[in-house]
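Q: Take this structure first; my questions come after.
The values are calculated or read from the model by the stated rules, or taken from the named source; none is laboratory data. Please read these numbers as outputs of a predicted model, since none were measured by experiment. So basically every Cβ, Gly included, is an ideal-geometry build from the backbone, and we count neighbours across all protein chains shown. Each accessible area value is taken on the protein alone, full model and side chains, heavy atoms only, with ligands, DNA and RNA left out. Shrake-Rupley method; radii C 1.70, N 1.55, O 1.52, S 1.80 Å.
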Amino acid sequence: MTKDNLKGTLILGSLIGIIGFVMLFFSVNFGTSLAENWLIKQGGADTDTYNIIVKSYINSFLVAGSILFAFGLLIISFTYYKLQTIMGKSIEV
């Protein structure tokens, strides 16, 4: 891989990580918004059903956000390592 390809991959990994981070921390807002849209489409529902729908949407955003955030961090770490080895610098721990 060339240096330019790795820099593009680094940007892509950062973007995926940021999207995952936003999904994690705004999952309540996103889940509640989707549940309210569901409630409007249904024309009404009892409270227990609405709470189940809200929790389901929130959990969906938490899971998707966690996966994207972890995948973004993995891409960033791998790309940073490859950039360091291509540039000829040693990585000191």
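Q: For residues that are open to solvent by 80 Å² or more (accessible area, probe 1.4 Å) and of a type outside the set (A, V, I, L, M, F, W, C), scanning just region 28-45, find the one that is modelled with the lowest pLDDT.
A: Gln42
Q: If Asp48 meets every condition in (1) within 10 Å of the chain's Cα centre (by Cα); (2) open to solvent by 90 Å² or more (accessible area, probe 1.4 Å) apart from one, which number is that one?
A: (1)
Q: While we're here: Inspect all residues belonging to region 4-27 and state whether any of them is among the charged types (D, E, K, R), at negative phi, assigned to a loop (DSSP other than H, G, I, E, B) and at pLDDT below 90.
A: no
Q: Based on what the data block shows, is Ile18 within 17 Å of the chain's Cα centre (by Cα) and closer than 30 Å to Ile86 by Cβ?
A: Yes: the conditions hold for Ile18.
Q: Among the residues of region 25-79, how many are over 30 Å from Ser14 (Cβ atoms) and aliphatic (A, V, I, L, M)?
A: Final tally of qualifying residues: 7.
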